[in-house]
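What follows is a short report on a single structure.
The values are calculated or read from the model by the stated rules, or taken from the named source; none is laboratory data. Since we're looking at a predicted model, the values are computed, not measured. FYI the Cβ positions are ideal-geometry reconstructions off the backbone, even for glycines, and counts take in every protein chain you see.
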Amino acid sequence: MKTPTRWTRKDLLGLEDLSRDELNLLLDQAKAFQEISLRPIKKVPALRGKTVVLSFLEPSTRTRASFELAAKRLSADLLQIQPASSSLVKGETILDTARNIEAMKVDVLVLRHRDSGVPAMVARAIASSVVNAGDGSHEHPTQGLVDLFTIREEKGRIEGLKVVIVGDILHSRVARSDLWGLTKLGAQVTLCGPPTLVPSTFESLGAKISYTLDAEISQADVVIALRLQMERQKERYIPSLREFTRHYGIDRQRLQRGKPDLIVMHPGPVNRGVELSPEVADGPQSVILKQVTNGIAVRMAALYLVSAGRASHGAGSAAPIVPSEVAG
Amino acid sequence: MKLLIKGGHLVDPSQGIDEPTDLLMEGGRVIALGKNLKTNGAHVIEAKGKVVAPGFIDLHVHLRTPGQEHKENLTTGSQAAIQGGFTTVCSMANTDPVVDTGTVVEFLKAANAKVGLVNLLPFAAVTVGLQGETLTEMGELKERGAAGFSDDGAPIMNAGVMRRALEYTKITQLPVVAHCEDTHLSANGVAHEGQAAARLGLAGIPSESETVMIARDLLLAEATGGRLHVAHVSTERGVELIRAAKARGVLVTAEATPHHLTLTDEAMGTYDARFKMNPPLRAERDVKALREGLRDGTIDAVATDHAPHSRAEKEAELSQAPFGVVGLETALGVLMTELVHQKHLKLSTLIAAMTLRPALVLGIDRGKLTVGSPADVTVFDPLREWTVDPSAFRSKGAHSPFAGWRLRSKVTDVVVSGRVVYRDEQFMNGEKR
C-alpha cells in the first residue's frame, strides 16, 4: 500500500516544485475545509495561537480578503502590513523587514510583491513559513490551486482535459502556476495570445503555443482568460485594446464555437469588454464566482499545511485532516 | 637592488616561453631571463612549482572613485586587484563626477600614486556626462592620461555619435570600448531572455540587445577605420560577428568576463542579485561560443568587469538591485579551475588573454617579460586549493557569483614595477599603501 503523502515543506512558494502527490494533498485538504464556509459558525481552531501576517506590497483586494478570511476561519491571529504603513519606503531592504517580522515570532508570512522571487528570497532568510500570494510574473500558487480545485469540482477530473489559457502569458504569474499545476496533473495546456505576450520560449516549458483563439476554443474543456494590464498598450506589447479584444476577447459568438460544457474561468478582476464580454463573464458557463468561493478553502489548506509543515520540520509530517477532526 | 624569481615555470606568450625559467629584475625592469640564474646578492623569490607570468592586465574595472567610495575606493580596489594578480587595471568612467575632463583623469592618477599598488590606466568617457550626445575632448584627455574611451554602463544609442567617436580614434590611436546594448531591446530586463527567465517570471534581456549593437559598431568601425574594442561579449552571435569582422580586417578587439565564460542563466533560479549583471548570464551555447572565441583568438582578453556595490544595494529585490558583480579576486582561480585544469584552454592561451593581448588592445608596453620591459610579475600556485569566501575579499563588494566555490590556483606573489607588493599571499608591510 502506498504511504499517504505528508506535507513537509516550510513554505508554499510555487507549484513548479511540487509533486503531483503534494498538489493532490493540497486539493484534498481544501476539499476538507470547503464545508466550513457553509456553516453558520464559520470557524475551526486549527490555527489557534498561530500568528499569520499578511504583507501585500502591491495592491490587491480579493486575494488579500481571501487570505484574511481563510486565516480567520482557522482561528489564527492576524496582522496586516500595508505598503503605506510598512518601512519599505524608508530605505530598509525587504530582507530587513522580513527579519523584523520573524523576530516578532510570526508563524506564517503571506507575501505579495511586485518582484519575481521575493518570497523565495525571504523564505531562505527567515524561519517563519512563507506563502507566496503572487510575486511579479513568477507564480501565484494559491490562485493556481484555486483553478485546479475549481476544474476538479466542475469537471470531476483534471487528467486528460484540454485547457486553454489566453491573454498576457508573458507577465502572468497565474499562467505559470496554472501551467505547472495542470501539466503535473495530466491536463494538456495551450497558451494563447499575441506573439508579443506569448513568447515561443514558453514552448520549452511543456505547453502548446497558439496565436489563434478561434482554432483552440473549439477543442477546449476549460478556457482561462487572464487579466490584461492596461499598461501593456503603453508598453507597445499590443497595438490597442480593441485589436487585442478582436482576436483574444471572449464574447458570446466566440464561446459558441466551443463545446457546450466548456467552462470559462478568470482570476479576476475582469476588464469587462476586454478579456470577456459581460454576458460571458456573467453567463452560465462562467465559474468565476465559484473560483472566488473556492479561494478561501484553498488558502485555508495552504495556511494550515505550511504551518504544520514548519512545526514538524525535520521530523517532517502534516497529515491531511478531515472535517470531523477540525470540527470546532 | 636586484630581484630574482627563481625556479618557477615562466609563461610569457610574447616570447613563446612556457618552461622553467628564472627572471632577474633591477630598477623596475626585467634585466635577464634564463636557466639557473646566479643569485649574486639579489633578493630571491623561490617559485618552485609555481607559474611566473607577466602581471595581469584588466581592461574593465569599476573602481567607483571618485564619488561612490561606499562601493569601492582606490585602496580596496587596488588590493583586490593585487590579490587577483592584476598589476594594471583600467578604470571605467561612470563615476561621480564622470571621467570626462582632464582634471578627473589627473586626480585619479595622483590618487592612485598615493595608494601605490597598481598601474592605473583610467578610461575617460566617450561623451560628456555619459549622455551619449557630445564627444569629450578626446585628444586632450589622452594627453592628460586617459588610456581609452568608454561610456560603459550607458550605451551610446545614437549611431551618429558612435560613428564620430570612432573617427576620432584615428587621432588618439586609443580604442573606443563599447558596451554594446540596445536599451530599447533590453528595456527593464534583469536576466537573459531564455527558458530560465520565462520560467522564473523575470523580464528578459534578449541576446539581440547585444548583437544588434555589436553589428552596428562593427560596421561603423569598418566604415571609419576606427578602433573598436567590444566589452564583455556574452553571446554566440556576438562572437561570430566579431570573428567575421576580424577576418575582413576591421580594427576590432574584444573581451569576455570570467562569469560569462563559466556560468549560465540557470543560476538566476536563486533570484540572488549576485548573479545579476549586464550583460546577463546567457545560455549554455553562448558559454561554449565564448570559450571557442577565447581559444581561437576572436576574444582577445579576459576582463573582469569588476563592479562592486554595497551589501544593502545588492540585497534589494532583483529588479531594484544594481547590475554588476565583483571579479578581481576570483578571476584567475575560476578560469584556471574551469578552463585550464578542465583542459578547455591551454595555460599559455589564458595567460596571453590576461597579459599580452590586453596590452595590445591598449597599445601599452606591458604584459610581457622581455628584457627591458617593466617588471610587473604575477606568481601563482596552479594547484593551490581554496574556497571563495567573499567576507575575506579586499574589495568592498561581496557579491560574487562564485561564493562558496572550491577553486584551484591562487596568486602568491606580485611584483609591480620591480617592487614586491605581495608575498606569500600577504601584502608587504612597510610598503606605502
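Worth pointing out:
- Residue check, B:Gly148 surrounded by 22 or more Cβ atoms within 10 Å (Cβ to Cβ) and farther than 30 Å from B:Gln320 by Cβ: yes
- The single residue among B:Glu167, B:Glu181 that is over 23 Å from B:Val104 (Cα atoms), within 22 Å of the chain's Cα centre (by Cα), in the same structural domain as B:Phe275 (by TED's automatic domain parsing) and touching a residue at least 12 places away in the same chain (Cβ under 8 Å) turns out to be B:Glu181.
- Residue match in the stretch A:68-82 (condition: among the small types (Gly, Ala, Ser), more than 13 Å from every other protein chain (Cβ to nearest Cβ), touching a residue at least 60 places away in the same chain (Cβ under 8 Å) and assigned to a helix (DSSP H, G or I)): yes
Residues checked against (1) at the interface with chain B (Cβ under 9 Å from one of its Cβ atoms); (2) part of a loop (DSSP other than H, G, I, E, B); (3) among the hydroxyl-bearing types (Ser, Thr, Tyr):
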site	(1), (2), (3)
A:Asp96	yes, no, no
A:Arg99	no, no, no
A:Lys105	no, yes, no
A:Leu109	no, no, no
A:Asp115	yes, yes, no
A:Ala123	no, no, no
A:Gly134	no, no, no
A:Thr142	no, no, yes
A:Leu145	no, no, no
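- Scanning the stretch A:59-75 for residues that are over 15 Å from the mean Cα position of the chain (by Cα), of a type outside the set (D, E, K, R) and surrounded by fewer than 23 Cβ atoms within 10 Å (Cβ to Cβ) yields A:Pro59, A:Leu69, A:Ser75.
- Options A:Ser55, A:Ser66, A:Ser37, A:Ser19: the member that is in contact with a Lys or Arg (Cβ under 6 Å, 6 or more places away or on another chain) and small (Gly, Ala, Ser): A:Ser66
- Out of B:Ala254, B:Ala316, sole residue that is among the aliphatic types (A, V, I, L, M) and at pLDDT 95 or above: B:Ala254
- Condition met for A:Lys290 (among the basic types (Lys, Arg), surrounded by fewer than 20 Cβ atoms within 10 Å (Cβ to Cβ) and under 30 Å from A:Ala32 (Cβ atoms)): yes
Here is a yes/no grid of residues against (1) assigned to a loop (DSSP other than H, G, I, E, B); (2) touching a residue at least 12 places away in the same chain (Cβ under 8 Å); (3) surrounded by 21 or more Cβ atoms within 10 Å (Cβ to Cβ); (4) on the phi < 0 side of the Ramachandran plot:
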| site | (1), (2), (3), (4) |
| --- | --- |
| A:Thr5 | yes, yes, no, yes |
| A:Leu15 | yes, yes, yes, yes |
| A:Leu25 | no, yes, yes, yes |
| A:Asp28 | no, yes, no, yes |
| A:Ala32 | no, yes, no, yes |
| A:Glu35 | no, yes, no, yes |
| A:Pro45 | yes, yes, no, yes |
| A:Phe56 | no, yes, yes, yes |
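- Among the residues of the stretch B:192-214, just one is among the polar types (S, T, N, Q) and not in a helix (DSSP H, G or I), namely B:Ser207.
- Checking each residue in the stretch A:199-226 for being assigned to a loop (DSSP other than H, G, I, E, B) and in contact with a helix residue (DSSP H, G or I) (Cβ under 9 Å, 6 or more places away or on another chain) picks out A:Pro199, A:Gly206, A:Ala207, A:Tyr211, A:Thr212, A:Asp221, A:Leu226.
- Single residue of A:Arg236, A:Arg232, A:Arg227 found to be within 21 Å of the chain's Cα centre (by Cα) and among the basic types (Lys, Arg): A:Arg227
- Residue match in the stretch B:163-185 (condition: crowded, with 17+ Cβ neighbours inside 10 Å, within 14 Å of another protein chain (Cβ to nearest Cβ) and aliphatic (A, V, I, L, M)): yes
- Any pair with Cβ under 7 angstrom, 6 or more apart, that starts in the stretch B:319-337 at a residue that is acidic (Asp, Glu) and ends at one that is not in a helix (DSSP H, G or I): B:Glu329/B:Gly84; B:Glu329/B:Phe393; B:Glu329/B:Arg394; B:Glu329/B:Ser395
- Residue within the stretch B:45-64 that is farther than 13 Å from B:Leu120 by Cα, among the hydrophobic types (A, V, I, L, M, F, W, C) and in a loop (DSSP other than H, G, I, E, B) present: yes
- The stretch A:147-183, subset more than 14 Å from every other protein chain (Cβ to nearest Cβ), of a type outside the set (Val, Ile, Thr) and outside any helix (DSSP H, G or I), residue surrounded by the most Cβ atoms within 10 Å (Cβ to Cβ): A:Gly167
- If you check B:Gly132, B:Gly189 for being over 26 Å from B:Val416 (Cβ atoms), within 14 Å of chain A (Cβ to nearest Cβ), at pLDDT 95 or above and assigned to a loop (DSSP other than H, G, I, E, B), only one passes: B:Gly189.
- Odd one out for B:Glu208, checked against (1) within 14 Å of chain A (Cβ to nearest Cβ); (2) in contact with a strand residue (DSSP E or B) (Cβ under 9 Å, 6 or more places away or on another chain): (2)
- Taken residue by residue, the stretch B:104-116 has no member that is part of a loop (DSSP other than H, G, I, E, B) and crowded, with 24+ Cβ neighbours inside 10 Å.
- Hits in the stretch A:235-286 - residues which are aliphatic (A, V, I, L, M) and in a loop (DSSP other than H, G, I, E, B): A:Ile238, A:Leu262, A:Val270, A:Val274
- Subset of the stretch B:52-76 [crowded, with 24+ Cβ neighbours inside 10 Å and either more than 25 Å from B:Val126 (Cβ to Cβ) or out of contact with any helix residue (DSSP H, G or I) (no Cβ under 9 Å at 6 or more places or on another chain) (or both)]: B:Val52, B:Ala53, B:Pro54, B:Gly55, B:Phe56, B:His60
- Criterion (assigned by TED's automatic domain parsing to the domain that holds B:Glu329 and either β-branched (Val, Ile, Thr) or under 19 Å from B:Asp424 (Cβ atoms) (or both)) met by exactly one of B:Gln83, B:Gln68: B:Gln83
- Qualifying residue in the stretch A:270-286 (condition: within 19 Å of A:Val146 (Cα to Cα), touching a residue at least 60 places away in the same chain (Cβ under 8 Å) and not charged (D, E, K, R)): no
- The residue pairs whose first member lies in the stretch B:109-121 and is under 9 Å from B:Thr75 (Cα atoms), whose second member is β-branched (Val, Ile, Thr) and surrounded by 17 or more Cβ atoms within 10 Å (Cβ to Cβ), and whose beta carbons are closer than 7 Å, counting only pairs six or more residues apart or on different chains, are B:Val115/B:Thr75; B:Leu117/B:Ile82; B:Leu117/B:Val416; B:Leu117/B:Val421.
- Given (1) buried (at least 19 other Cβ atoms within 10 Å of the Cβ); (2) on the phi < 0 side of the Ramachandran plot; (3) not basic (Lys, Arg), index of the condition B:Ser409 fails: (2)
- Those helices (runs of 4 or more DSSP H) lying entirely in the stretch B:223-342 with at least 2 residues in the same structural domain as B:His62 (by TED's automatic domain parsing) and surrounded by fewer than 19 Cβ atoms within 10 Å (Cβ to Cβ): B:236-248, B:284-296, B:311-314
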